[in-house]
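Derivation of every value follows stated rules applied to the coordinates shown; laboratory data play no part. The model shown is predicted, which means the values in this text are computed figures rather than measured ones. Here Cβ is always computed from backbone atoms with ideal geometry, including for glycine, and neighbour counts include all displayed protein chains.
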Amino acid sequence: MQIISPHIFHKISGKVLVPISLLSVLLFALGIYYALFSSPADYQQGEMVRVMYVHVPAAWMSLGIYMFIALCSLLSIVWRLKLAYLFAASAAPIGASFAAITLITGALWGKPIWGAWWVWDARLTSMLVLFLLYLAYIAVINAGDDIFRAEKPAAAIALLGAINVPIVKFSVDIWNSLHQPSSVLKLSGPAIDNSMLAPLFIMFSAFIAFFISIWILKVKTLINKVKYDLRSN
């Protein structure tokens, strides 16, 4: 498929990398300002609620990136698009980092609110499973000298692990959970005030722009590493 050939990717990414990187810096500056100085403290959690502005976007990113990896894996297996596999492999370390940030900030948030760094709560446990799936995927693709030998087993991990994504999302609704229920992404609409919702989405947008910037650089590096023919596909 010419539309996702390495040549086309290099051409498009070269045009968007600098603007999207500058956008991420701007959005982070705005998001941090509003999160720390403009948004109010929570009436129950006090200032600790500000952890939300990192924790929640990081969680959304870790889920979204994993689904992106699963989709790219499907494309690489069914339509044999090698570049899609490189897309997935490049996204995995970034997604794992977001999952780790989610777990760490969750512990920092949970200690003063719940009185414990960790509980085997449905949401926490399923997020830990997601992090381990990321690590398994990364381990498989780096197991040998030739990254393409791991394409099928890595795709199997990604596709089977995708089952865990809706489990993470709906765990607080399916099981009795110490974790608070969804307050933003719900059918009845957000349950938090706009003064908190606005900086939350600004930070989420910053995380997306940051991911795209780092992901482009990693894809370029990986293409060069495997000496993938830019004229192929």
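Laid out as a table, the results:
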{"item": "Rounded to whole Hz, the Karplus (6.51, -1.76, 1.60) HN-Hα couplings of segment 91-98, x for glycine and proline", "result": "7, 4, x, 5, x, 4, 5, 5"}
{"item": "Peptides 8-15, 218-225, 101-108 ordered by average Cβ neighbours within 10 Å, highest first", "result": "101-108, 218-225, 8-15"}
{"item": "Computed Kirkwood radius, in angstrom, where 1/r is averaged over Cα pairs of segment 54-225", "result": "17.0 Å"}
{"item": "Only Lys, Arg (+1) and Asp, Glu (-1) charged, at Cβ; the chain dipole about Cα centre in debye", "result": "800 debye"}
{"item": "Karplus (6.51, -1.76, 1.60) ³J(HN,Hα), θ = phi - 60°, over segment 116-131, in Hz, Gly and Pro reported as x", "result": "8, 5, 8, 9, 7, 7, 4, 5, 5, 5, 5, 5, 4, 4, 4, 4"}
{"item": "Packing-based order for 81-89, 24-32, using average beta carbon neighbours within 10 Å, highest first", "result": "81-89, 24-32"}
{"item": "Other-chain or far-sequence residues with amide H under 5 Å of Leu81's (modelled H)", "result": "Ser76"}
{"item": "Likely footprinting exposure, His7, His55, His179, fewest C-beta neighbours within 10 Å first", "result": "His7, His179, His55"}
{"item": "Using θ = phi - 60° and Karplus 6.51 cos²θ - 1.76 cosθ + 1.60, couplings along segment 192-202 (whole Hz; Gly, Pro as x)", "result": "10, 5, 4, 5, 9, 5, 4, x, 5, 6, 5"}
{"item": "Cα long-axis angle, helix 164-174 against the chain (0 to 90 degrees, to the nearest 10)", "result": "20 degrees"}
{"item": "Distance between modelled label sites at Ile163 and Asn194, nm, 7 Å Cα→Cβ extension", "result": "4.3 nm"}
